[in-house]
Amino acid sequence: GAGVSQTPSNKVTEKGKYVELRCDPISGHTALYWYRQSLGQGPEFLIYFQGTGAADDSGLPNDRFFAVRPEGSVSTLKIQRTERGDSAVYLCASSFEGHNEQFFGPGTRLTVL
Amino acid sequence: QKEVEQDPGPLSVPEGAIVSLNCTYSNSAFQYFMWYRQYSRKGPELLMYTYSSGNKEDGRFTAQVDKSSKYISLFIRDSQPSDSATYLCAMRPNTGGFKTIFGAGTRLFVKA
């Protein structure tokens, strides 16, 4: 079956612009996670969804970052007023509820000029 | 100090060698311990996970957890060039959600 997909694969934007990153989880997975990975670092937790609700958003760095999952499937990570420090690979993962095995997508490489 | 410390390497070994990868952590609440493999420009993929202390073996891979020392290890036997990748340790508590903390990853090169 299809794995986790993320679009776009690459996004280049200018400082101050707004961006949306999309994640399509594996069908049937109720848990969805967003991470940010900078060069030479491990993934950094941003937010975790259980169904439609954000069960833990403690990793969002500030109020410029927001994520939604309105129907409990596809999720969108939204970043307002982008800064050069936001440049990173944004990873999405999904899993069955209560399971440790998170399946990761290939990521969206965001570059803020 | 980071919650999870992992030597970034790189670690270079000849084909067939036994590889030892390690992480230390500071949060005694961590109960689930995972190892992920990440190839360049790909998402991480789960190799193994263990709950609490002990050993777990799966083919050429063995994971060990020593909670008393806050130290976890991944051993790879008969290493192959295809094992060349970045290995990430990850962990989370048993309660309080599914926030998973990752190490920085160790880059491994297995030379043919």
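Just so it is clear, none of the values below were taken in a lab; they were calculated from the coordinates. These figures come from a predicted structure and were not determined experimentally. Ideal geometry is used to build each Cβ from the backbone, glycine not excepted, and the neighbour counts take in all protein chains shown.
As a proxy for reagent exposure, A:Ser95, B:Ser73 were ordered by neighbouring Cβ count within 10 angstrom, fewest first; the result is B:Ser73, A:Ser95.
Applying a threshold of 18 Å to the alpha-carbon distances of A:Lys11/B:Lys42; B:Lys2/B:Lys70; A:Lys17/A:Lys78; B:Lys42/B:Lys99; A:Lys17/B:Lys99; B:Lys2/B:Lys56 flags B:Lys42/B:Lys99; A:Lys17/B:Lys99; B:Lys2/B:Lys56 as lying beyond it. Computed 3J(HN,Hα) for segment B:73-80, one whole-Hz value per residue from the Karplus formula 6.51 cos²θ - 1.76 cosθ + 1.60 where θ = phi - 60°, is 9, 10, 10, 10, 8, 6, 4, 10, glycine and proline marked x.
Computed over the Cα atoms of the protein assembly as shown, the ratio of the radius of gyration to the Kirkwood radius (Rg/Rh) comes to 0.97. Note that segment A:4-19 has calculated 3J(HN,Hα) couplings of 6, 10, 9, 9, x, 6, 9, 9, 10, 9, 9, 3, x, 7, 9, 9 Hz, one per residue in order, obtained from phi through the Karplus relation 6.51 cos²θ - 1.76 cosθ + 1.60 (θ = phi - 60°); glycine and proline are x. Each Lys and Arg Cβ is given +1 and each Asp and Glu Cβ -1; about its Cα centre, the protein assembly as shown then shows a dipole of about 520 debye.
Applying the criteria of a DSSP loop state and at most 16 other Cβ atoms within 10 Å to the GluC sites (Glu not before Pro) of segment B:6-112 yields B:Glu15. Placing unit charges on the Cβ atoms only, positive for Lys and Arg and negative for Asp and Glu, gives segment A:12-63 a dipole magnitude near 140 debye about its Cα centre. Per-residue 3J(HN,Hα) values for segment A:70-80, derived from phi via the Karplus relation 6.51 cos²θ - 1.76 cosθ + 1.60 with θ = phi - 60°, read x, 10, x, 10, 5, 10, 10, 9, 10, 10, 9 Hz in sequence order (x marks Gly and Pro).
Against the compact-protein benchmark of 2.2 N^0.38 Å, the Cα-based radius of gyration of chain A scales to 0.99. Count Lys and Arg as plus one, Asp and Glu as minus one, and take only other residues whose Cβ is under 10 Å from that of A:Glu83; the net charge is then +3.
The charge dipole of chain B, taken about its Cα centre with unit charges on the Cβ of Lys, Arg, Asp and Glu (plus for the first two, minus for the last two), comes to roughly 260 debye. By the count of neighbouring beta-carbon atoms within 10 Å, fewest first, A:His99, A:His29 end up ordered A:His99, A:His29.
Here the calculated FRET efficiency for B:Arg60 and B:Asn94, from their Cβ-Cβ distance with R0 = 22 Å, stands at 0.15, rounded to the nearest 0.05. Using C-alpha pairs below 8 Å separated by at least 6 residues, the relative contact order for chain B is 37 percent.
Take the Cα radius of gyration of segment A:33-86 and divide it by 2.2 N^0.38 Å, N being the number of residues; the result is 1.15.
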